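Structure first, commentary second.
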Amino acid sequence: MKKKHRLIITAQAEINISDAFEYYEYNQPHVGEYFLSVLEKCFLSIETNPEIYKIAFSNFRQAKVPKFPFVVIYKVELNEIIVAKVFHTYRNPIKKIK
């Protein structure tokens with residue numbers, strides 16, 4: 001299936017991803033790499049069919065990252081998908097929107 005949307009990862013999302021990767025690698029080698037692999041598959045799913053995930057708040061949608069306690073918070077604008085955060089689900093949910 002051809003991708004219609006371009007995925008843009010914000011600086012905040014990059015920080016979230018980097019922090020998660022470092023945490024997993026520090027605690028158990030290779031789990032960080034596995035996290036990135038699973039996250040990439042989640043991104044591909046979002047790119048292929050961004051409307052499949054429900055709107056969580058405002059215009060932002062939320063996709064669960066399989067096998068990890070994270071969600072991808074994103075919005076669709078024209079031909080772009082803006083990934084705002086990769087959010088740890090154990091954190092205060094109010095911080096999803098800040």
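Read-outs throughout are calculated quantities, based only on the coordinates presented, and are distinct from any laboratory measurement. No experiment lies behind these values; they were computed from the predicted model shown. Heads up, the Cβs are rebuilt from the backbone with ideal geometry, glycines too, and the neighbour counts pull from every protein chain shown.
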Quiz item: What are the residue pairs meeting all of these: first residue in the range 13-31, first residue without any contact (Cβ under 8 Å) to a residue 60 or more places away in the chain and over 24 Å from Ile82 (Cβ atoms), second residue assigned to a helix (DSSP H, G or I) and among the hydrophobic types (A, V, I, L, M, F, W, C), Cβ atoms under 6 Å, and 6 or more apart or on different chains?
Solution: Tyr24/Val31; Tyr24/Phe35
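Tell me, yes or no, whether the range 21-33 has at least one residue that is loosely packed, with under 14 Cβ neighbours inside 10 Å, of a type in the set (S, T, N, Q) and under 16 Å from Val71 (Cα atoms). Talk me through it step by step, then tell me what you get.
Just the residues of the range 21-33 that are loosely packed, with under 14 Cβ neighbours inside 10 Å, to begin with: 22, 26-30, 33.
Of the ones still in play, those that are also of a type in the set (S, T, N, Q) are 27-28.
Narrowing further to those that are under 16 Å from Val71 (Cα atoms): none.
No, because not a single residue in the range 21-33 is loosely packed, with under 14 Cβ neighbours inside 10 Å, of a type in the set (S, T, N, Q) and under 16 Å from Val71 (Cα atoms).
In the set Arg61, Arg6, which member is touching a strand residue (DSSP E or B) at 6+ places or on another chain (Cβ under 8 Å) and surrounded by fewer than 16 Cβ atoms within 10 Å (Cβ to Cβ)?
Arg6
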Quiz item: If you take just the strands (runs of 3 or more DSSP E) that sit entirely in the range 44-83, which of them hold at least 1 residues that are of a type outside the set (S, T, N, Q) and within 14 Å of His5 (Cβ to Cβ)?
Solution: 60-65, 70-77
Self-check item: Among residues of the range 34-54, those that are more than 21 Å from Pro69 (Cβ to Cβ) and either surrounded by 15 or more Cβ atoms within 10 Å (Cβ to Cβ) or of a type in the set (A, V, I, L, M, F, W, C) (or both), counted
Solution: 2
